[in-house]
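Engineer: Structure provided below as structure tokens; questions to follow.
The values are calculated or read from the model by the stated rules, or taken from the named source; none is laboratory data. In this text, all values refer to a predicted model and were calculated from it rather than measured experimentally. Cβ placement follows ideal geometry from the backbone for every residue including glycine, while neighbour counts extend to all protein chains displayed.
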Amino acid sequence: MSSSLLIQNGTLVTMNAKEEVLNADLYIEDGKIKKILTKDQKESQRGTDLFEICPPTTVLDAKNCWVLPGFIQTHVHLCQTSFRNLAEDLELLDWLKEKIWPMEGAHTQASLFSSASLGIQELLLGGTTTVLDMGTVHHTDEIFKAAQKLGIRLFCGKAMMDAGEETPKSLKEDTHASLDETQRLIETWHGKENGRLSYALAPRFALSCSEKLLKACHDLSEKNGIMIHTHASENRSECQAIETQKGKKTIHYLEDMGLCTSRSCFAHCIWVDESEMEVLKKTNTRVSHCPSSNLKLGSGIARVPELLKEGICVTLGADGAPCNNTLNMFQEMRLAGLIQKPRVGVQALPAKEILKMATCYGAKALHMENAIGSIETGHQADLILIQKDALHQQPATDPYTTIVYASYASDVKDVLVNGKVCVRNRKLLFNE
Ligand SMILES: [Zn+2]
């Protein structure tokens, strides 16, 4: 039997190409947006009312709400949610070696499922409906199982680590074993749950991967049409180490390995020079900007306005809980805007552009722009309702400014993924 849902009385912030903001109802059938009806259209269709023909199973009242496409975070580590508040005041390489890698290496199936579940619940409650996750080396099935159960849209791959003197034993893999496990996970999970779960190859970063492994990732991406997700140019010491070992700057090295492609999303890209920026542009490589993490680990400030100006697709992510310490898209949007102002000027990154990074640019990064990231007929119903009548938002005149700079994750009232209500009245529904 087909399921249907009506979202009525809301203001749609569509994030479509025309940047329309509409007072309209949304009719959803079988997980997709079937009809967008403005007040005028509703008047003219009275009598032949769509809903008289096919009454919706569920009605959500969006009075005093903005209805938006769900947020898309293009860089998270669900495996690290349970390490929140446990790895403070360290720079990237020490933070990894002293805290994060030992904890990741100690994960059991049960602890990983629990960490991923905690992260996904926080993400959904804060309006994030899609994530690109870095996974961890072992037990990656558990992250997919948590997403399968809780309803978020997930792109994930096992983190691959087959090289590096500093890589701990608990995480270091044999190259073939890493590739075999990747192949098994692709076959098990890619495209599952009506396409809600996708595999994304996740070589961790240049220092922890052999050339053979990186080149194999390129081939697997081409063969299966799947994303590649890695870290690049996050920290100056990391970039120096890569230059010393490989004799090249990070992005040039990754290009040589075949990893700079339109199916790649690189987290951070802070220390990229003009020639590296040119490679990102030429190859259409996507970038995930993680402002909280970049500040917390003292990594630096990515040149986001410059990257966007070059036409590079820049998106947003919270990174992991221990370098943030939340998975809250509202904080990432706010910081993304604020940190550029003293550096390049107050007009460098307008709120509307930031909200695009959080929605339609995220969809483009994942090659999902024809399905999510904007409110359009035929798109998947990955939608969020944000309350706009809270005291701290008033006067809530411009939706872009109010959402980016004056709203909290707790203002998210309802969340749908694939037309299924995951959060209703600020409560998770997965148990019901
Ligand atoms: Zn990361």
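Engineer: If you take just the helices (runs of 4 or more DSSP H) that sit entirely in the range 349-432, which of them hold at least 2 residues that are of a type outside the set (Phe, Trp, Tyr) and more than 20 Å from GLN331 (Cα to Cα)?
Structural biologist: Values: elements: 351-358, 360-365, 399-406.
The qualifying helices (runs of 4 or more DSSP H) are 360-365.
Engineer: Right, here's the next one. Across the range 238-264, what is the total count of residues that are hydroxyl-bearing (Ser, Thr, Tyr) and within 16 Å of the ligand (Cβ to nearest atom)?
Structural biologist: Here is the first cut: in the range 238-264, the ones hydroxyl-bearing (Ser, Thr, Tyr) are 244, 250, 253, 261-262, 264.
Now restrict to residues that are within 16 Å of the ligand (Cβ to nearest atom): 250, 264.
Of the residues in the range 238-264, 2 are hydroxyl-bearing (Ser, Thr, Tyr) and within 16 Å of the ligand (Cβ to nearest atom).
Engineer: Within the range 163-182, work out how many residues are closer than 25 Å to ALA146 by Cα and loosely packed, with under 13 Cβ neighbours inside 10 Å. Quick ask: steps written out before the conclusion?
Structural biologist: Narrowing the range 163-182 to residues closer than 25 Å to ALA146 by Cα: 170-173, 177-182.
Cutting the leftovers down to loosely packed, with under 13 Cβ neighbours inside 10 Å gives us 177, 180.
So the answer is 2.
Engineer: Within the range 91-110, can one find any residue that is of a type in the set (A, V, I, L, M), within 15 Å of the ligand (Cβ to nearest atom), in a loop (DSSP other than H, G, I, E, B) and farther than 17 Å from ALA318 by Cα?
Structural biologist: So in the range 91-110, the residues of a type in the set (A, V, I, L, M) come out as 92-93, 96, 100, 103, 106, 110.
Imposing the further condition that a residue be within 15 Å of the ligand (Cβ to nearest atom) reduces the set to 92-93, 96, 100, 103.
Those left that are additionally in a loop (DSSP other than H, G, I, E, B): none.
Checked against the condition, which is being of a type in the set (A, V, I, L, M), within 15 Å of the ligand (Cβ to nearest atom), in a loop (DSSP other than H, G, I, E, B) and farther than 17 Å from ALA318 by Cα, the range 91-110 yields no hits at all.
Engineer: Please pick out the residue among ALA348, ALA336, ALA365, ALA358 that is crowded, with 18+ Cβ neighbours inside 10 Å, closer than 16 Å to ILE384 by Cβ and of a type in the set (A, V, I, L, M). Walk me through how you get there before you give the answer.
Structural biologist: On the way: ALA348 fails: closer than 16 Å to ILE384 by Cβ; ALA336 fails: closer than 16 Å to ILE384 by Cβ; ALA365 fails: closer than 16 Å to ILE384 by Cβ.
The conditions single out ALA358.
Engineer: Let me ask you something else. Which of the residues that make up the range 63-90 are more than 16 Å from the ligand (Cβ to nearest atom), surrounded by 24 or more Cβ atoms within 10 Å (Cβ to Cβ) and either in a loop (DSSP other than H, G, I, E, B) or polar (S, T, N, Q) (or both)?
Structural biologist: Correct list: GLY70 only.
Engineer: Which members of the range 223-254 meet the condition of being among the charged types (D, E, K, R) and free of Cβ contacts under 8 Å to residues at least 12 places away in the same chain? Explain how you work it out, then say what you get.
Structural biologist: So the first thing to find is which residues in the range 223-254 are among the charged types (D, E, K, R), and the list is 223, 234, 236, 238, 243, 246, 248-249.
Answer for the range 223-254, where residues must be among the charged types (D, E, K, R) and free of Cβ contacts under 8 Å to residues at least 12 places away in the same chain: LYS223, GLU243, LYS248.
Engineer: Tally up the residues in the range 18-30 that are in contact (Cβ under 8 Å) with a residue 40 or more places away in the chain, of a type outside the set (Asp, Glu) and surrounded by fewer than 19 Cβ atoms within 10 Å (Cβ to Cβ), please.
Structural biologist: Within the range 18-30, residues that are in contact (Cβ under 8 Å) with a residue 40 or more places away in the chain, of a type outside the set (Asp, Glu) and surrounded by fewer than 19 Cβ atoms within 10 Å (Cβ to Cβ) number 1.
Engineer: Let me ask you something else. What do you reckon, is VAL287 crowded, with 24+ Cβ neighbours inside 10 Å, in a loop (DSSP other than H, G, I, E, B) and in the same structural domain as LEU355 (by TED's automatic domain parsing)? It would help to see each step written out before you state the result.
Structural biologist: On the way: crowded, with 24+ Cβ neighbours inside 10 Å: yes; in a loop (DSSP other than H, G, I, E, B): no; in the same structural domain as LEU355 (by TED's automatic domain parsing): yes.
Criteria not met by VAL287.
Engineer: If I filter the range 292-310 for residues that are within 15 Å of the ligand (Cβ to nearest atom), assigned to a loop (DSSP other than H, G, I, E, B) and within 17 Å of GLY127 (Cα to Cα), do I get at least one hit?
Structural biologist: Among the residues of the range 292-310, not one is within 15 Å of the ligand (Cβ to nearest atom), assigned to a loop (DSSP other than H, G, I, E, B) and within 17 Å of GLY127 (Cα to Cα), which makes the answer no.
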